[in-house]
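The values are calculated or read from the model by the stated rules, or taken from the named source; none is laboratory data. All of these numbers come straight from a predicted model, not from anything done at the bench. Counting neighbours? That spans all protein chains shown, and the Cβs are built from the backbone with ideal geometry, glycine included.
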């Protein structure tokens with residue numbers, strides 16, 4: 001059985017990575033380029049497992065090797081995720097959620113993490129002749145950590161680095177030039193259905209609005225679905241239509257501010273834009289009238305990203321959308 005069996009709908013990526021191992025031509029660095037949720041992380045796990053199973057000098061049982069890699073606790077694997085900085089400590093998204101850390105801005109790959117990568121690669125591998133580092137959301141690196149990583153890529157030693165990012169345009173060109181690019185594409189409708197069914201999220205297939213938001217990304221579909229469950233059905237019903245009065249607009253703004261977390265408010269904007277756009281497609285006479293609300297919501301997204309007071313943002317936005 002192919003080690004890439006769990007990866008669905010990415011035949012080109014499978015072929016490139018299979019040939020790299022089969023011909024023992026592993027590159028020092030790879031860029032897995034494509035939208036989030038289309039299988040890049042799954043591919044990285046499969047690739048790492050195959051690298052270690054083909055080259056490992058240890059006597060680990062294959063099942064134990066599989067478990068260690070998928071739990072990301074193999075001694076020669078370092079998996080790096082964007083983090084939040086809170087009271088001098090770094091928290092991944094899951095750690096921040098568990099600790100109740102207030103998240104006002106998106107997580108980042110930070111300079112401290114890139115330095116940790118350098119330290120990790122400075123030691124000899126323990127169970128395999130090669131170390132592997134996987135960097136999720138590499139596009140979140142600012143210039144300083146990106147330049148620090150560049151120095152590591154220039155002399156990686158016996159190691160392979162895998163960067164996950166949306167595309168070459170999201171990274172420094174000097175970083176991209178040192179990576180072998182492996183493209184990942186949005187999935188077909190059939191492949192989407194297969195992944196969602198296997199993941200236990202088949203019910204999403206009955207919600208076309210979630211699938212439209214996902215745009216061929218099973219991971220995005222699951223994330224949208226989970227986010228949808230976190231927001232009050234009453235609120236979703238209330239905002240499905242533009243407010244009819246300033247009083248309604250102010251009431252909705254207050255409800256959103258009090259019940260929806262800041263990051264979820266950004267998702268809510270995507271949901272509203274998709275909802276209004278779908279309404280305009282179903283009723284073509286609404287198309288000219290739908291453009292101003294879409295533009296207002298886009299402005300709201302910008303203000304929220306710049307940490308403008310959320311309630312004020314929603315009050316201004318919804319009052320401008322009153323019919």
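Yes/no per residue for (1) farther than 24 Å from residue 155 by Cβ; (2) surrounded by fewer than 19 Cβ atoms within 10 Å (Cβ to Cβ); (3) free of Cβ contacts under 8 Å to residues at least 24 places away in the same chain:
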site	(1), (2), (3)
2	yes, yes, yes
35	yes, no, no
72	yes, yes, yes
78	no, no, no
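Can you tell me which residue within region 198-244, out of those that are surrounded by fewer than 17 Cβ atoms within 10 Å (Cβ to Cβ) and either closer than 19 Å to residue 43 by Cα or not assigned by TED's automatic domain parsing to the domain that holds residue 257 (or both), is nearest to the chain's Cα centre (by Cα)?
If we take residues in region 198-244 being surrounded by fewer than 17 Cβ atoms within 10 Å (Cβ to Cβ) and either closer than 19 Å to residue 43 by Cα or not assigned by TED's automatic domain parsing to the domain that holds residue 257 (or both), then 199 is nearest to the chain's Cα centre (by Cα).
Looking at region 8-22, is at least one residue under 21 Å from the mean Cα position of the chain (by Cα), under 13 Å from residue 127 (Cα atoms) and not in a loop (DSSP other than H, G, I, E, B)?
Looking for residues that are under 21 Å from the mean Cα position of the chain (by Cα), under 13 Å from residue 127 (Cα atoms) and not in a loop (DSSP other than H, G, I, E, B), one finds none in region 8-22, hence no.
Kindly indicate whether any position in region 205-214 is within 30 Å of residue 255 (Cα to Cα), at pLDDT below 90 and assigned to a loop (DSSP other than H, G, I, E, B).
Yes - at least one qualifying residue is present in region 205-214.
Just give me the residues in region 248-263 being at pLDDT 90 or above and in a helix (DSSP H, G or I), in sequence order.
Of region 248-263, the ones at pLDDT 90 or above are 248-260.
248, 249, 250, 251, 252, 253, 254, 255, 256, 257, 258, 259, listed by residue number.
What tally of residues in region 23-33 results from selecting those that are surrounded by fewer than 18 Cβ atoms within 10 Å (Cβ to Cβ) and either at pLDDT 95 or above or within 14 Å of the chain's Cα centre (by Cα) (or both)?
The initial filter retains those residues of region 23-33 that are surrounded by fewer than 18 Cβ atoms within 10 Å (Cβ to Cβ), namely 23-25, 27-28.
Pick out the ones that are also either at pLDDT 95 or above or within 14 Å of the chain's Cα centre (by Cα) (or both) and you get none.
Looking only at that region, the number is 0.
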